[in-house]
Amino acid sequence: MTYESPVYEVERRIGEIEIRRYQPYVVAETRVRGSMEGAGNGAFRRLAGYIFGGNRTADGDGAKISMTTPVTQERVGDEFRVRFMMPSAYGDVESLPTPNDDRVRLARVDEQLLAAIRYSGRWSQSGFEHQLELLRRGLEAHGVVVHGEPIWARYDPPWKPWFLRHNEVLIPVEAAPAA
């Protein structure tokens, strides 16, 4: 099964690193406290509740919303913000059903430039940190300036074998210097 993902163009490659320009998209997001690994699990249930019908449309009914990828997670202060991208059929926040859970917020993500490194494996903090270090070293070696918090992107369901999973570490960067 294929899920919709944010649209982007690769502007530059640095070995395994891609510098990507993402088009704007709409998300359902929530913030949670806890460990990096635990926060993702708690937030996932809350956001899944929203897309599986825990919402209100203009006629008062709950609507099911298609799953997309990736599930992203980033640190914001002492919490983690976890996001589900909304299908592109919902062009703006106003076209989405209202969440029943007031901890779920709808937002627009503006165009952004992100560096990305892809890896397979388990969803662990140690795996994320290892890939983040590789990403930062690669960017620094090529003069790419980081300006934001790293984002953990997970693309696959938990029942997919760990060695087949698609994960990424993304980080906001300034415009990439010429190669």
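Each value in this text was obtained by applying a stated rule to the coordinates, not by laboratory testing. What you are looking at is a predicted structure, and each value in this text was computed from that prediction instead of being measured. Cβ atoms come from the backbone with ideal geometry, glycine included; neighbour counts cover every protein chain shown.
Annotations for the structure displayed:
- The stretch between ASN100 and SER35, if pulled fully straight at 0.36 nm per residue, gains 20.8 nm over its current Cα-Cα span.
- Using C-alpha pairs below 8 Å separated by at least 6 residues, the relative contact order for the range 53-177 is 28 percent.
- Helix 36-51 vs. the chain, principal-axis angle (Cα, 0 to 90°, nearest 10): 40 degrees
- For ASN55, the amide hydrogen comes within under 5 Å of the amide hydrogens of ALA63, ASN100, counting only partners 5 or more places away or on other chains and with H modelled in the peptide plane.
- Residues MET85, MET36 in ascending order of nearby Cβ atoms (within 10 Å, fewest first): MET36, MET85.
- Neighbourhood charge, 12 Å Cβ-Cβ cut-off, centred on SER126 and excluding it, Lys, Arg +1 and Asp, Glu -1: -2
- In the chain, helical runs assigned H by DSSP with n ≥ 4 each contribute -39500 (n - 2.57); averaged across all residues and rounded to the nearest 500, the mean residue ellipticity at 222 nm is -6000 deg cm²/dmol.
- Ascending count of other beta-carbon atoms within 10 Å, so fewest first, for ASP101, ASP110, ASP59: ASP59, ASP110, ASP101
- For the range 100-160: rounded, prolate or oblate by the Cα gyration tensor [a/c cutoff 1.5]: oblate
- Reported to the nearest whole Å, the Cα centre-to-centre distance from the range 103-167 to the range 43-81 is 20.
- For the range 94-108, Karplus couplings with θ = phi - 60° (6.51, -1.76, 1.60), whole Hz, Gly/Pro x: 5, 7, 8, x, 7, x, 6, 8, 5, 8, 9, 10, 9, 8, 9
- Each of TRP152, TRP159 has some number of other Cβ atoms within 10 Å of its Cβ, and from fewest to most they run TRP159, TRP152.
- Folded to 0 to 90 degrees: helix 125-141 orientation relative to the chain principal axis, Cα: 50 degrees
- Based on C-alpha pairs under 8 angstrom that are at least 6 apart in sequence, the range 25-108 has a relative contact order of 45 percent.
- Taking amide H atoms as placed 1.01 Å from N in the peptide plane, the amide H of ILE14 lies under 5 Å from those of ILE19, each 5 or more residues away in sequence or on another chain.
- Around the amide H of ASP156, modelled in the peptide plane, lie the amide H atoms of HIS166, all under 5 Å away and 5 or more residues distant in sequence or on another chain.
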